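First the structure, in the form of structure tokens, and then the observations on it.
The values are calculated or read from the model by the stated rules, or taken from the named source; none is laboratory data. Here the structure is a predicted model, which means the values were calculated and not measured. Heads up, the Cβs are rebuilt from the backbone with ideal geometry, glycines too, and the neighbour counts pull from every protein chain shown.
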């Protein structure tokens with residue numbers, strides 16, 4: 001039998017990790033911009049262009065932070081899904097396990113988690129069975145839209161780098177990469193807002209506090 005579990009600690013960890021991703025996205029995005037302005041081939045790490053920053057280390061730490069964010073975010077998401085089962089299990093279109101597995105299904109991960117997030121949102125509000133309010137899901141939809149955009153742009157940047165063999169091609173790839181860092185920052189900021197909002201809604205409902213504004 002499922003019981004309510006406090007998501008606040010996990011939410012704080014997710015927010016901190018997302019903030020770390022934003023930091024590295026901004027840092028590495030600035031270096032992409034400097035590559036473009038300096039007409040330097042990527043990964044040459046000219047000290048005159050990049051200064052004392054060890055970009056190999058920066059990329060490595062960024063990957064570690066990104067992986068940690070994925071793990072903790074999915075654990076948080078699964079906990080919220082379990083709580084939603086307690087309040088309005090009949091509103092949940094998929095079993096709790098999909099809150100983990102849904103992120104790893106090719107193509108399906110572009111829509112399954114979003115549908116589950118909406119179900120969780122509805123179960124977490126004060127009146128689960130009420131009709132959605134005007135613009136109630138705007139924040140959730142904005143986050144998911146930018147997540148999809150970033151997914152597309154990031155893959156375009158990766159493909160551009162794979163096929164680059166001239167300075168012009170590298171410049172184009174760097175521009176795509178800079179766009180990816182930018183969209184990722186927006187998506188991460190929106191994700192922080194979603195995490196805080198959903199966690200607040202569940203905390204308010206679990207404790208009987210005045211419900212979060214809908």
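Mind checking whether some residue in segment 173-184 is closer than 21 Å to residue 137 by Cα and either at pLDDT 95 or above or over 18 Å from the mean Cα position of the chain (by Cα) (or both)?
yes
Filter segment 36-64 down to the residues that are closer than 24 Å to residue 169 by Cβ and at pLDDT below 70 and list them by number.
38, 39, 40, 41, 42, 43, 44, 45, 46, 48, 49, 50
What are the residues in segment 67-93 that are part of a helix (DSSP H, G or I) and more than 19 Å from residue 9 (Cα to Cα), if any?
85, 86, 87, 88, 89, 90, 91
Does residue 77 satisfy the criteria of being in contact with a helix residue (DSSP H, G or I) (Cβ under 7 Å, 6 or more places away or on another chain), at pLDDT below 95 and surrounded by 15 or more Cβ atoms within 10 Å (Cβ to Cβ)?
The answer is no for residue 77.
Among the residues of segment 94-123, what is the count of those that are within 18 Å of the chain's Cα centre (by Cα) and either more than 18 Å from residue 73 (Cβ to Cβ) or outside any helix (DSSP H, G or I) (or both)?
4
Would you check if residue 156 is surrounded by fewer than 17 Cβ atoms within 10 Å (Cβ to Cβ), closer than 25 Å to residue 114 by Cα and in contact (Cβ under 8 Å) with a residue 40 or more places away in the chain?
Criteria not met by residue 156.
What is the number of the single condition among (1) touching a residue at least 24 places away in the same chain (Cβ under 8 Å); (2) outside any helix (DSSP H, G or I); (3) under 27 Å from residue 24 (Cα atoms) that residue 165 does not meet?
(1)
Kindly indicate the residue of segment 154-172 that is more than 16 Å from the chain's Cα centre (by Cα) and under 30 Å from residue 137 (Cβ atoms) and also modelled with the lowest pLDDT among those meeting that condition. It would help to see each step written out before you state the result.
Here is the first cut: in segment 154-172, the residues more than 16 Å from the chain's Cα centre (by Cα) are 156-172.
Narrowing the set further to residues that are under 30 Å from residue 137 (Cβ atoms) leaves 156-157.
On the way: 156: 93, 157: 90.
By that ranking, first place goes to 157.
Residues in segment 124-143: is at least one in a helix (DSSP H, G or I), buried (at least 20 other Cβ atoms within 10 Å of the Cβ) and free of Cβ contacts under 8 Å to residues at least 40 places away in the same chain? I'd like the intermediate steps shown before the answer.
Here is the first cut: in segment 124-143, the residues in a helix (DSSP H, G or I) are 124, 138-143.
The next check asks that each one be buried (at least 20 other Cβ atoms within 10 Å of the Cβ); those that pass are 124, 143.
Those left that are additionally free of Cβ contacts under 8 Å to residues at least 40 places away in the same chain: none.
Taking every residue of segment 124-143 in turn, none turns out to be in a helix (DSSP H, G or I), buried (at least 20 other Cβ atoms within 10 Å of the Cβ) and free of Cβ contacts under 8 Å to residues at least 40 places away in the same chain.
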